[in-house]
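Report on the structure given below.
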Amino acid sequence: MAKILILEDDTTFAQLLEGFLTKNSHEITLVTHVKQSFKLIENQKFDLLLIDYRLPDGIGFEIITHSRNLSLSTPIIIMTSFNDVRTAVKSIQMGAFDYITKPVNPDELLMVIKNSLNKKDAKDIKTEAIDSDFIKGKSTTADKLYEHIALVSPTDMSVIIQGESGTGKEFAARTLHQQSKRALKPFVAIDCGALSKDLAASELFGHVKGAFTGALNDKKGQFEAADGGTLFLDEVGNLSYEVQIKLLRALQERVIQPLGSTKQIPVDVRIITATNDDLLNSIAEGEFREDLYHRLNEFKIQLPALRERGGDLELFINHFIGLSNRDLDRNVKSISAEAKSLLLNYDWPGNLRELSNVIKRMVLLTPGDVAQVSALPDEMMISVNQQTLPGNSSDLKAVNEQNEKAIITETLIKAKHNKSKAAKMLNIDRKTLYAKMERYGIE
């Protein structure tokens with residue numbers, strides 16, 4: 001049994017979730033507003049937070065930030081509409097464990113919850129070996145990327161890896177480490193976006209007992225933990241200005257000073273950083289030190305978005321099907337022509353992470369050996385259709401039709417495909433509903 005806090009302002013949907021998860025032996029607490037959730041997570045211990053992205057008094061990011069500031073390691077799952085996938089992937093960069101799109105599929109929800117509850121409690125610091133479940137790709141873009149990695153790996157140059165959310169920046173950093181002369185030494189990854197402003201300096205440089213309230217023992221920082229190896233700072237742009245000064249000094253002088261200590265400790269660490277934002281903009285806005293940027297940017301690697309990787313997309317689809325078959329005990333051997341066309345024509349704003357989630361959901365919803373288009377989110381079809389509409393978003397009639405199709409599809413799912421009930425919910429008669437379903441090709 002897990003103690004789960006659900007933050008959802010749609011009370012009917014929240015009650016359905018509560019009933020379903022209670023039947024699956026979980027203890028549920030429901031709230032509808034961000035401020036209510038703040039009070040609860042400050043005073044109670046939860047095993048999981050299940051959070052809607054758009055709320056009456058805020059957004060899901062605020063709960064992630066608040067949890068981070070409280071130094072909580074409770075896994076967070078964001079529930080969002082398919083149109084907000086890019087934002088959902090960003091929430092993972094900020095510290096959420098995963099996301100799930102609405103309408104929520106019960107089996108998918110249980111799978112995501114199980115994965116989050118089984119996650120390693122590593123407090124955002126990962127030192128595992130390189131992920132053998134990953135593949136490189138074979139496109140010209142992939143070849144160029146790995147040429148750059150092979151070129152800079154043997155050196156001690158500081159590297160910035162830049163790319164959209166979900167493009168695999170940590171995997172690229174691990175590859176750099178594995179191909180370097182430091183490969184037998186530690187690889188330590190820190191998600192700077194998941195560190196509270198107050199604890200970031202302690203996490204990086206360590207502290208001595210009594211350095212601040214709550215410092216009950218001496219703590220070794222991650223610079224020391226990575227000594228001789230590689231320190232990977234993901235979302236480095238989130239570090240406070242004060243910590244940036246300490247980081248610059250550590251890189252220039254190759255020494256660190258734990259908080260509350262007068263002792264300087266020599267360190268030999270290669271720094272790799274990653275960001276999905278352009279740090280030059282942060283410099284222009286006075287949020288990131290220019291001297292630190294130049295120290296970190298001895299070599300830059302730009303990770304391409306999935307939509308720019310050509311034939312690699314089909315390679316990744318097959319790869320993720322294989323992994324999902326293994327993890328979910330399924331036997332999907334092929335994809336229908338319609339489903340494959342949809343997968344290849346969608347623009348994947350959430351990149352590899354979104355592709356992995358969509359394929360895992362597709363495999364989960366495929367009982368046989370051929371995956372059909374019905375196992376893919378309806379919103380993918382809407383998105384692809386909108387990309388190819390004449391005049392695109394300026395074609396008002398076409399956009400309205402796509403919106404109407406989306407609403408009908410969502411309502412049918414809510415009504416469990418009971419057409420009489422769906423017609424009532426839509427405030428139209430059954431005859432009109434049947435006509436619209438036929439017009440839009442809704443099965």
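The values are calculated or read from the model by the stated rules, or taken from the named source; none is laboratory data. On a predicted model such as this, the values are computed, not experimentally measured, just so you know. In this analysis, Cβ positions are derived from the backbone assuming ideal geometry, glycine residues included, and neighbour counts consider all displayed protein chains. Just the protein is used for accessible areas: all its heavy atoms, side chains included, with ligands, DNA and RNA removed. Shrake-Rupley method; radii C 1.70, N 1.55, O 1.52, S 1.80 Å.
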- line: accessible surface per residue for the chain, probe 1.4 Å, DNA/RNA/ligands not counted, whole Å² -> 49
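How large is Rg over Rh for segment 214-368, taking Rg from the Cα atoms and Rh as the Kirkwood inverse mean of 1/r across Cα pairs?
Checking Rg against Rh, the ratio lands at 1.14.
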- prompt: Given a 1.4 Å probe and every protein chain left where it sits, what share in percent of the accessible area of segment 278-343 is carbon and sulfur?
  reply: 43
field: Tally of Lys pairs whose C-alpha atoms are under 26 Å apart, taken over segment 212-347, 8 or more apart or cross-chain
entry: 6
Most mobile listed residue (Ala200, Ala415, Ala375) in the chain, GNM with C-alpha springs under 10 Å: Ala415
Met79 long-range amide H proximity, modeled H, under 5 Å: Ile51, Asp52, Tyr53, Ile100
message: Given a 1.4 Å probe and heavy atoms of the protein chains only, how would you sort Glu404, Glu42, Glu108, largest accessible area at the top?
response: Glu42, Glu404, Glu108
statement: Env charge @ Ile28, Cβ radius under 14 Å, K,R +1 / D,E -1, value -2
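Per residue, how much space in cubic angstrom lies within the convex hull of the C-alpha atoms of segment 1-86?
Cα convex hull per residue, to the nearest whole number: 93 Å³.
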- prompt: What is the packing order of peptides 57-63, 427-433, 291-297, taking the mean over residues of other C-beta atoms within 10 Å and listing the highest first?
  reply: 57-63, 291-297, 427-433
- prompt: What fraction, in whole percent, of alpha-carbon pairs in segment 243-288 exceed 14 Å separation?
  reply: 61
15 Å beta-carbon shell around Ile335, net charge (K/R +1, D/E -1): +2
statement: Listed residues Val358, Val208, Val89; largest mean-square fluctuation, Gaussian network over the chain with Cα springs below 10 Å, found at Val208
- prompt: Between Glu308 and Asn281, what is the FRET efficiency for a Förster distance of 25 Å, r being their Cβ-Cβ separation, to the nearest 0.05?
  reply: 0.70
- prompt: Which of the listed residues, Phe212, Val267, Leu199, is farthest toward the dipole's positive end in segment 170-304, when Lys, Arg count +1 and Asp, Glu count -1 at the beta-carbon?
  reply: Val267
task: Please work out the Kirkwood hydrodynamic radius for the chain, using every pair of different C-alpha atoms, and report it in angstroms with one decimal place.
output: 24.0
task: Place a +1 charge on the Cβ of each Lys and Arg in the chain and a -1 charge on the Cβ of each Asp and Glu, then give the dipole magnitude about the Cα centre in debye, rounded to the nearest 20.
output: 700
- prompt: Roughly how many nanometres apart are two label points built 7 Å out from the Cα toward the Cβ at Tyr440 and Lys263?
  reply: 6.7
field: Local net charge near Gly260, Cβ-Cβ under 13 Å (Lys/Arg +1, Asp/Glu -1)
entry: +2
0 to 90° range, to nearest 10: angle between helix 34-43 axis and the chain longest Cα axis: 50
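Mind ranking 327-335, 314-322 by how tightly packed they are, going by the mean number of other C-beta atoms within 10 angstrom, highest first?
Put in order of decreasing packing, that is 314-322, 327-335.
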